[in-house]
1. Considering only region 181-203, I want to know if a residue exists there that is within 16 Å of ligand 2 (Cβ to nearest atom), touching a residue at least 24 places away in the same chain (Cβ under 8 Å), more than 27 Å from P118 (Cβ to Cβ) and not acidic (D, E).
2. How about region 242-291: which of its residues are touching a residue at least 12 places away in the same chain (Cβ under 8 Å) and of a type in the set (S, T, Y)?
3. I'd like to check something: does region 172-184 contain any residue that is out of contact with any Cys (no Cβ under 9 Å at 6 or more places or on another chain), at pLDDT below 95 and either within 16 Å of ligand 1 (Cβ to nearest atom) or not assigned by TED's automatic domain parsing to the domain that holds V145 (or both)?
4. Report every pair of residues separated by at least 6 positions or lying on different chains whose Cβ atoms are under 6 Å apart, first residue within region 52-70 and of a type in the set (F, W, Y), second away from ligand 2 (no atom under 13 Å from the Cβ) and modelled with pLDDT under 85.
5. Just one of L252, L274, L256 is under 22 Å from G169 (Cα atoms), assigned to a helix (DSSP H, G or I) and either more than 16 Å from ligand 2 (Cβ to nearest atom) or in contact with a Pro (Cβ under 8 Å, 6 or more places away or on another chain) (or both); which is it?
6. Among the residues of region 238-274, what is the count of those that are surrounded by 10 or more Cβ atoms within 10 Å (Cβ to Cβ) and acidic (D, E)?
7. Is one or more of the residues making up region 47-54 open to solvent by 20 Å² or more (accessible area, probe 1.4 Å) and of a type in the set (F, W, Y)?
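The values are calculated or read from the model by the stated rules, or taken from the named source; none is laboratory data. On a predicted model such as this, the values are computed, not experimentally measured, just so you know. Note that each Cβ is placed from the backbone with ideal geometry, even for glycine, and that neighbours are counted across all protein chains shown. For the accessible areas, the whole protein counts, side chains as well, though only heavy atoms, and no ligand, DNA or RNA atoms are used. Shrake-Rupley method; radii C 1.70, N 1.55, O 1.52, S 1.80 Å.
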Amino acid sequence: MKKELNILPLNSWKLPLIKKPLVISGPCSAETEEQVLQTARELHSQGIGIFRAGIWKPRTRPGSFEGVGDIGLEWLQKVKKETKMLVATEIATPKHIERALDFGIDIFWIGARTTANPFAIQEIADCLQGVDIPVLIKNPINPDVELWIGAIERINKAGINRIGAIHRGFSSYEHSIYRNHPQWQLAIELQRRLPQLPLINDPSHIGGKRDLIQSIAQKAMDLNFDGLMIESHINPDKAWSDAKQQITPKQLSSILDTIVIRDVSPEGVPLETLEEYRYKIDKIDDDFMDLLQKRMEISEEIGKYKKQNNMTILQAGRWAHLLEKNRKKGEKRDLNPEFIFKLYKAIHQESINKQNKIMNDE
Ligand code: PEP
Ligand code: MN
(Lines give C-alpha, C1' and ligand atoms only; values in the text may rest on other atoms or scores of the structure.)
(Ligands and ions follow the chains in the order given, each with its own letter.)
Protein backbone atom coordinates (compact mmCIF):
# COMPACT_ATOMS: atom_id res chain seq x y z
CA MET A 1 0.00 0.00 0.00
CA LYS A 2 1.27 3.44 -0.90
CA LYS A 3 1.60 5.74 2.09
CA GLU A 4 -0.64 8.81 2.00
CA LEU A 5 1.14 12.06 1.28
CA ASN A 6 1.59 14.38 4.22
CA ILE A 7 1.36 17.89 2.82
CA LEU A 8 0.56 20.95 4.91
CA PRO A 9 -1.99 23.48 3.67
CA LEU A 10 -0.53 26.86 2.73
CA ASN A 11 -2.09 28.69 5.69
CA SER A 12 -0.01 26.60 8.09
CA TRP A 13 3.32 27.23 6.32
CA LYS A 14 4.11 30.06 8.72
CA LEU A 15 4.91 32.48 5.90
CA PRO A 16 4.43 36.20 6.50
CA LEU A 17 2.18 38.28 4.24
CA ILE A 18 0.13 35.36 3.09
CA LYS A 19 -3.02 36.38 1.35
CA LYS A 20 -4.61 35.03 -1.76
CA PRO A 21 -2.95 34.97 -4.18
CA LEU A 22 0.45 34.23 -2.70
CA VAL A 23 2.82 36.18 -4.97
CA ILE A 24 6.47 35.28 -5.54
CA SER A 25 8.37 37.68 -7.76
CA GLY A 26 11.85 38.69 -8.78
CA PRO A 27 14.16 38.33 -11.75
CA CYS A 28 14.64 35.22 -13.82
CA SER A 29 18.32 35.44 -12.91
CA ALA A 30 20.33 37.35 -10.36
CA GLU A 31 22.71 39.42 -12.53
CA THR A 32 24.30 42.11 -10.38
CA GLU A 33 24.00 43.18 -6.76
CA GLU A 34 22.40 46.45 -7.85
CA GLN A 35 19.80 44.72 -10.05
CA VAL A 36 18.87 42.23 -7.31
CA LEU A 37 18.60 44.79 -4.52
CA GLN A 38 16.82 47.42 -6.57
CA THR A 39 14.25 44.92 -7.88
CA ALA A 40 13.69 43.60 -4.36
CA ARG A 41 13.26 47.10 -2.88
CA GLU A 42 10.65 48.00 -5.47
CA LEU A 43 8.79 44.71 -5.06
CA HIS A 44 8.85 45.13 -1.31
CA SER A 45 7.38 48.60 -1.61
CA GLN A 46 4.55 47.09 -3.72
CA GLY A 47 3.77 44.71 -0.86
CA ILE A 48 5.36 41.55 -2.30
CA GLY A 49 6.57 39.23 0.49
CA ILE A 50 8.59 36.60 -1.38
CA PHE A 51 11.53 37.34 -3.66
CA ARG A 52 12.76 34.91 -6.33
CA ALA A 53 16.01 34.89 -8.31
CA GLY A 54 17.78 32.15 -10.24
CA ILE A 55 21.39 31.70 -9.15
CA TRP A 56 22.21 28.60 -11.20
CA LYS A 57 20.38 28.70 -14.54
CA PRO A 58 19.50 25.57 -16.51
CA ARG A 59 19.99 26.81 -20.10
CA THR A 60 19.07 24.85 -23.18
CA ARG A 61 22.43 25.44 -24.92
CA PRO A 62 25.86 25.82 -23.33
CA GLY A 63 27.65 29.08 -23.75
CA SER A 64 24.76 31.35 -22.77
CA PHE A 65 24.59 32.95 -19.33
CA GLU A 66 24.38 30.12 -16.80
CA GLY A 67 23.82 32.14 -13.66
CA VAL A 68 26.13 34.12 -11.37
CA GLY A 69 26.57 31.24 -8.91
CA ASP A 70 27.44 31.57 -5.22
CA ILE A 71 28.01 35.33 -5.24
CA GLY A 72 24.29 35.78 -5.97
CA LEU A 73 23.47 34.03 -2.69
CA GLU A 74 25.18 36.91 -0.85
CA TRP A 75 22.93 39.37 -2.67
CA LEU A 76 19.84 37.36 -1.68
CA GLN A 77 21.06 37.42 1.90
CA LYS A 78 21.23 41.23 1.66
CA VAL A 79 17.68 41.34 0.27
CA LYS A 80 16.50 39.34 3.23
CA LYS A 81 18.30 41.51 5.74
CA GLU A 82 17.22 44.81 4.26
CA THR A 83 13.61 44.10 3.22
CA LYS A 84 12.68 41.15 5.47
CA MET A 85 11.27 39.46 2.36
CA LEU A 86 11.63 35.69 2.15
CA VAL A 87 14.02 34.61 -0.58
CA ALA A 88 13.61 31.71 -3.00
CA THR A 89 15.89 30.12 -5.54
CA GLU A 90 16.05 27.11 -7.84
CA ILE A 91 18.07 24.12 -6.66
CA ALA A 92 18.96 21.20 -8.91
CA THR A 93 21.80 19.35 -7.17
CA PRO A 94 22.88 18.47 -3.60
CA LYS A 95 25.65 21.06 -3.98
CA HIS A 96 23.09 23.80 -4.69
CA ILE A 97 21.10 22.74 -1.62
CA GLU A 98 24.15 22.92 0.65
CA ARG A 99 25.17 26.35 -0.63
CA ALA A 100 21.62 27.73 -0.52
CA LEU A 101 21.13 26.50 3.06
CA ASP A 102 24.49 28.04 4.09
CA PHE A 103 23.18 31.39 2.91
CA GLY A 104 19.78 31.13 4.60
CA ILE A 105 17.60 30.77 1.50
CA ASP A 106 14.01 30.36 2.76
CA ILE A 107 12.25 28.57 -0.07
CA PHE A 108 13.51 26.23 -2.80
CA TRP A 109 11.98 25.51 -6.14
CA ILE A 110 12.80 22.63 -8.43
CA GLY A 111 12.91 23.50 -12.14
CA ALA A 112 10.94 21.83 -14.90
CA ARG A 113 13.95 20.08 -16.43
CA THR A 114 14.88 18.60 -13.05
CA THR A 115 11.36 17.37 -12.25
CA ALA A 116 11.48 15.38 -15.48
CA ASN A 117 14.40 13.30 -14.12
CA PRO A 118 13.62 10.89 -11.24
CA PHE A 119 17.35 10.27 -10.57
CA ALA A 120 17.94 13.97 -10.02
CA ILE A 121 14.81 14.28 -7.88
CA GLN A 122 15.83 11.32 -5.74
CA GLU A 123 19.28 12.84 -5.15
CA ILE A 124 17.64 16.09 -4.11
CA ALA A 125 15.22 14.22 -1.85
CA ASP A 126 18.07 12.30 -0.17
CA CYS A 127 19.91 15.54 0.45
CA LEU A 128 16.79 17.17 1.94
CA GLN A 129 16.37 14.48 4.62
CA GLY A 130 16.06 16.27 7.96
CA VAL A 131 15.82 19.75 6.42
CA ASP A 132 12.65 21.72 7.12
CA ILE A 133 12.12 24.08 4.21
CA PRO A 134 9.27 24.75 1.75
CA VAL A 135 9.91 23.17 -1.66
CA LEU A 136 7.96 24.17 -4.77
CA ILE A 137 8.01 21.64 -7.58
CA LYS A 138 7.57 22.84 -11.14
CA ASN A 139 5.79 20.58 -13.59
CA PRO A 140 8.08 18.44 -15.78
CA ILE A 141 8.64 19.85 -19.27
CA ASN A 142 6.63 16.98 -20.76
CA PRO A 143 2.90 16.77 -20.03
CA ASP A 144 3.02 13.84 -17.61
CA VAL A 145 1.05 14.21 -14.36
CA GLU A 146 2.44 10.93 -13.00
CA LEU A 147 6.00 12.25 -13.28
CA TRP A 148 4.97 15.46 -11.53
CA ILE A 149 3.24 13.52 -8.73
CA GLY A 150 6.23 11.15 -8.55
CA ALA A 151 8.54 14.08 -7.81
CA ILE A 152 6.13 15.37 -5.17
CA GLU A 153 6.05 11.91 -3.56
CA ARG A 154 9.86 11.58 -3.54
CA ILE A 155 10.32 14.99 -1.87
CA ASN A 156 7.51 14.30 0.59
CA LYS A 157 9.02 10.93 1.55
CA ALA A 158 12.19 12.81 2.51
CA GLY A 159 10.12 14.45 5.27
CA ILE A 160 9.38 17.75 3.51
CA ASN A 161 5.73 18.58 4.19
CA ARG A 162 5.61 22.18 3.02
CA ILE A 163 5.36 21.25 -0.66
CA GLY A 164 3.71 23.22 -3.42
CA ALA A 165 3.42 22.67 -7.16
CA ILE A 166 4.23 25.29 -9.79
CA HIS A 167 2.43 25.04 -13.10
CA ARG A 168 4.79 26.54 -15.75
CA GLY A 169 3.44 24.89 -18.87
CA PHE A 170 4.74 22.15 -21.16
CA SER A 171 7.10 22.04 -24.14
CA SER A 172 5.49 21.32 -27.46
CA TYR A 173 6.44 21.01 -31.10
CA GLU A 174 3.27 22.75 -32.11
CA HIS A 175 3.42 26.46 -32.78
CA SER A 176 1.26 28.36 -30.38
CA ILE A 177 1.02 31.78 -28.80
CA TYR A 178 2.54 30.28 -25.66
CA ARG A 179 6.19 29.60 -24.93
CA ASN A 180 5.10 26.57 -22.91
CA HIS A 181 1.60 25.32 -23.51
CA PRO A 182 -0.48 25.59 -20.32
CA GLN A 183 -2.47 22.37 -20.88
CA TRP A 184 -4.73 23.50 -18.03
CA GLN A 185 -6.33 20.06 -17.80
CA LEU A 186 -3.11 18.73 -16.26
CA ALA A 187 -3.19 21.31 -13.48
CA ILE A 188 -6.86 20.47 -12.96
CA GLU A 189 -6.01 16.77 -12.78
CA LEU A 190 -3.28 17.52 -10.22
CA GLN A 191 -5.85 19.35 -8.07
CA ARG A 192 -8.20 16.39 -8.36
CA ARG A 193 -5.50 13.91 -7.38
CA LEU A 194 -3.91 16.01 -4.62
CA PRO A 195 -6.56 18.47 -3.42
CA GLN A 196 -4.49 19.47 -0.39
CA LEU A 197 -1.46 20.51 -2.47
CA PRO A 198 -0.88 24.29 -2.80
CA LEU A 199 -0.78 25.22 -6.47
CA ILE A 200 1.05 28.19 -7.95
CA ASN A 201 0.88 29.38 -11.53
CA ASP A 202 3.88 30.75 -13.43
CA PRO A 203 2.42 32.90 -16.22
CA SER A 204 5.90 34.21 -17.15
CA HIS A 205 7.20 30.86 -18.39
CA ILE A 206 3.86 29.80 -19.85
CA GLY A 207 3.40 33.02 -21.83
CA GLY A 208 7.01 33.78 -22.68
CA LYS A 209 6.00 37.38 -23.34
CA ARG A 210 4.79 40.06 -21.01
CA ASP A 211 1.50 40.76 -22.83
CA LEU A 212 0.16 37.34 -21.91
CA ILE A 213 0.86 37.47 -18.16
CA GLN A 214 -2.37 39.15 -17.07
CA SER A 215 -4.76 36.82 -18.89
CA ILE A 216 -2.89 33.66 -17.85
CA ALA A 217 -2.78 34.79 -14.22
CA GLN A 218 -6.51 35.58 -14.27
CA LYS A 219 -7.29 32.17 -15.71
CA ALA A 220 -5.19 30.52 -12.99
CA MET A 221 -7.11 32.41 -10.32
CA ASP A 222 -10.38 31.28 -11.87
CA LEU A 223 -9.13 27.70 -11.69
CA ASN A 224 -8.58 28.19 -7.96
CA PHE A 225 -4.78 28.33 -7.91
CA ASP A 226 -3.33 29.55 -4.60
CA GLY A 227 -0.58 31.76 -5.93
CA LEU A 228 1.49 33.23 -8.74
CA MET A 229 5.19 33.24 -9.53
CA ILE A 230 5.91 36.14 -11.89
CA GLU A 231 9.32 37.26 -13.13
CA SER A 232 10.19 40.92 -12.61
CA HIS A 233 13.25 43.04 -13.28
CA ILE A 234 14.14 46.73 -12.88
CA ASN A 235 15.10 46.85 -16.56
CA PRO A 236 13.33 43.93 -18.26
CA ASP A 237 14.51 44.60 -21.81
CA LYS A 238 18.11 44.39 -20.66
CA ALA A 239 17.65 41.13 -18.70
CA TRP A 240 20.35 38.49 -19.24
CA SER A 241 17.76 35.71 -19.47
CA ASP A 242 14.04 35.62 -20.36
CA ALA A 243 13.98 39.33 -21.25
CA LYS A 244 10.72 39.21 -23.23
CA GLN A 245 8.66 37.86 -20.37
CA GLN A 246 9.92 40.00 -17.50
CA ILE A 247 8.06 43.07 -16.25
CA THR A 248 8.93 45.90 -13.88
CA PRO A 249 7.74 45.74 -10.27
CA LYS A 250 5.34 48.60 -11.10
CA GLN A 251 3.86 46.68 -14.03
CA LEU A 252 3.49 43.69 -11.73
CA SER A 253 1.58 45.78 -9.29
CA SER A 254 -0.83 47.08 -11.96
CA ILE A 255 -1.40 43.56 -13.26
CA LEU A 256 -2.18 42.33 -9.75
CA ASP A 257 -4.63 45.22 -9.32
CA THR A 258 -6.63 44.07 -12.34
CA ILE A 259 -6.87 40.45 -11.29
CA VAL A 260 -10.20 39.42 -9.87
CA ILE A 261 -10.01 36.87 -7.09
CA ARG A 262 -13.05 34.65 -6.87
CA ASP A 263 -13.87 32.13 -4.20
CA VAL A 264 -15.02 28.50 -4.55
CA SER A 265 -17.95 29.24 -2.29
CA PRO A 266 -17.98 32.82 -1.08
CA GLU A 267 -19.60 33.42 2.29
CA GLY A 268 -23.13 34.76 2.17
CA VAL A 269 -23.82 33.71 -1.42
CA PRO A 270 -26.92 31.50 -1.53
CA LEU A 271 -26.17 28.24 -3.30
CA GLU A 272 -29.75 27.39 -4.37
CA THR A 273 -29.39 28.86 -7.87
CA LEU A 274 -26.17 26.95 -8.46
CA GLU A 275 -27.85 23.80 -7.15
CA GLU A 276 -30.68 24.24 -9.62
CA TYR A 277 -28.28 24.59 -12.54
CA ARG A 278 -26.33 21.57 -11.35
CA TYR A 279 -29.52 19.56 -11.10
CA LYS A 280 -30.23 20.37 -14.77
CA ILE A 281 -26.67 19.46 -15.79
CA ASP A 282 -26.86 16.16 -13.90
CA LYS A 283 -30.10 15.33 -15.68
CA ILE A 284 -28.51 16.06 -19.08
CA ASP A 285 -25.50 13.93 -18.11
CA ASP A 286 -27.85 11.02 -17.30
CA ASP A 287 -29.48 11.31 -20.72
CA PHE A 288 -26.06 11.66 -22.32
CA MET A 289 -24.89 8.42 -20.66
CA ASP A 290 -28.00 6.57 -21.85
CA LEU A 291 -27.43 7.81 -25.39
CA LEU A 292 -23.76 6.85 -25.31
CA GLN A 293 -24.68 3.39 -24.11
CA LYS A 294 -27.22 3.01 -26.93
CA ARG A 295 -24.71 4.27 -29.47
CA MET A 296 -22.10 1.73 -28.32
CA GLU A 297 -24.63 -1.11 -28.41
CA ILE A 298 -25.36 -0.29 -32.04
CA SER A 299 -21.63 -0.13 -32.75
CA GLU A 300 -21.32 -3.63 -31.38
CA GLU A 301 -24.09 -4.84 -33.68
CA ILE A 302 -22.22 -3.26 -36.58
CA GLY A 303 -19.08 -5.07 -35.37
CA LYS A 304 -20.88 -8.43 -35.62
CA TYR A 305 -22.16 -7.54 -39.08
CA LYS A 306 -18.66 -6.58 -40.27
CA LYS A 307 -17.28 -9.82 -38.87
CA GLN A 308 -19.89 -11.96 -40.63
CA ASN A 309 -19.28 -10.17 -43.90
CA ASN A 310 -15.50 -9.98 -43.62
CA MET A 311 -15.44 -6.18 -43.68
CA THR A 312 -12.72 -3.99 -42.13
CA ILE A 313 -13.53 -2.18 -38.90
CA LEU A 314 -12.22 1.12 -40.13
CA GLN A 315 -14.22 2.54 -43.00
CA ALA A 316 -12.29 5.72 -43.71
CA GLY A 317 -14.94 7.26 -45.96
CA ARG A 318 -17.68 6.82 -43.39
CA TRP A 319 -15.47 8.22 -40.62
CA ALA A 320 -14.57 11.31 -42.65
CA HIS A 321 -18.24 11.84 -43.50
CA LEU A 322 -19.35 11.49 -39.88
CA LEU A 323 -16.72 13.91 -38.66
CA GLU A 324 -17.57 16.53 -41.26
CA LYS A 325 -21.32 16.21 -40.73
CA ASN A 326 -21.01 16.65 -36.97
CA ARG A 327 -18.52 19.48 -37.27
CA LYS A 328 -21.09 21.40 -39.32
CA LYS A 329 -23.90 20.52 -36.92
CA GLY A 330 -21.72 21.61 -34.04
CA GLU A 331 -20.91 24.93 -35.65
CA LYS A 332 -24.60 25.72 -36.03
CA ARG A 333 -24.95 25.10 -32.31
CA ASP A 334 -21.97 27.29 -31.38
CA LEU A 335 -19.83 24.28 -30.46
CA ASN A 336 -16.12 24.71 -31.10
CA PRO A 337 -15.01 22.50 -34.06
CA GLU A 338 -11.87 21.45 -32.21
CA PHE A 339 -13.97 20.27 -29.28
CA ILE A 340 -16.33 18.34 -31.58
CA PHE A 341 -13.34 16.78 -33.30
CA LYS A 342 -11.83 15.60 -30.00
CA LEU A 343 -15.19 14.34 -28.75
CA TYR A 344 -15.90 12.33 -31.90
CA LYS A 345 -12.37 10.99 -32.05
CA ALA A 346 -12.82 9.61 -28.52
CA ILE A 347 -16.24 8.13 -29.33
CA HIS A 348 -15.02 6.65 -32.61
CA GLN A 349 -11.95 5.15 -30.94
CA GLU A 350 -14.13 3.48 -28.32
CA SER A 351 -16.40 2.07 -31.06
CA ILE A 352 -13.33 0.68 -32.80
CA ASN A 353 -12.15 -0.89 -29.53
CA LYS A 354 -15.51 -2.56 -29.04
CA GLN A 355 -15.64 -3.83 -32.63
CA ASN A 356 -12.06 -5.03 -32.40
CA LYS A 357 -12.98 -7.08 -29.36
CA ILE A 358 -15.92 -8.62 -31.19
CA MET A 359 -13.85 -9.44 -34.28
CA ASN A 360 -10.89 -10.91 -32.48
CA ASP A 361 -11.91 -12.13 -29.03
CA GLU A 362 -15.20 -13.87 -29.57
C1 PEP B 1 12.88 29.86 -13.92
O2 PEP B 1 11.99 29.86 -13.06
O3 PEP B 1 13.55 30.85 -14.24
C4 PEP B 1 13.10 28.61 -14.69
C5 PEP B 1 14.26 28.30 -15.24
O6 PEP B 1 12.00 27.90 -14.80
P7 PEP B 1 11.60 26.52 -15.52
O8 PEP B 1 12.24 25.43 -14.73
O9 PEP B 1 10.12 26.58 -15.38
O10 PEP B 1 12.05 26.60 -16.94
MN1 MN C 1 13.09 32.41 -16.34
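1. yes
2. Quick first cut of region 242-291, residues touching a residue at least 12 places away in the same chain (Cβ under 8 Å) only: 242, 244-253, 255-256, 258-262, 264.
Of everything in region 242-291, those that are touching a residue at least 12 places away in the same chain (Cβ under 8 Å) and of a type in the set (S, T, Y) turn out to be T248, S253, T258.
3. yes
4. none
5. Numbers: L252 fails: either more than 16 Å from ligand 2 (Cβ to nearest atom) or in contact with a Pro (Cβ under 8 Å, 6 or more places away or on another chain) (or both); L274 fails: under 22 Å from G169 (Cα atoms).
Going through L252, L274, L256 in turn, just one is under 22 Å from G169 (Cα atoms), assigned to a helix (DSSP H, G or I) and either more than 16 Å from ligand 2 (Cβ to nearest atom) or in contact with a Pro (Cβ under 8 Å, 6 or more places away or on another chain) (or both): L256.
6. Total meeting the criteria: 1.
7. Initially, region 47-54 is screened for residues open to solvent by 20 Å² or more (accessible area, probe 1.4 Å), giving 47.
Adding the requirement that they be of a type in the set (F, W, Y) leaves none.
No, that holds for no residue.
Yes/no per residue for (1) small (G, A, S); (2) surrounded by fewer than 13 Cβ atoms within 10 Å (Cβ to Cβ); (3) assigned to a helix (DSSP H, G or I):
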position: I298; (1), (2), (3): no, yes, yes
position: I302; (1), (2), (3): no, no, yes
position: Y305; (1), (2), (3): no, yes, yes
position: N310; (1), (2), (3): no, yes, no
position: A320; (1), (2), (3): yes, yes, yes
position: I340; (1), (2), (3): no, no, yes
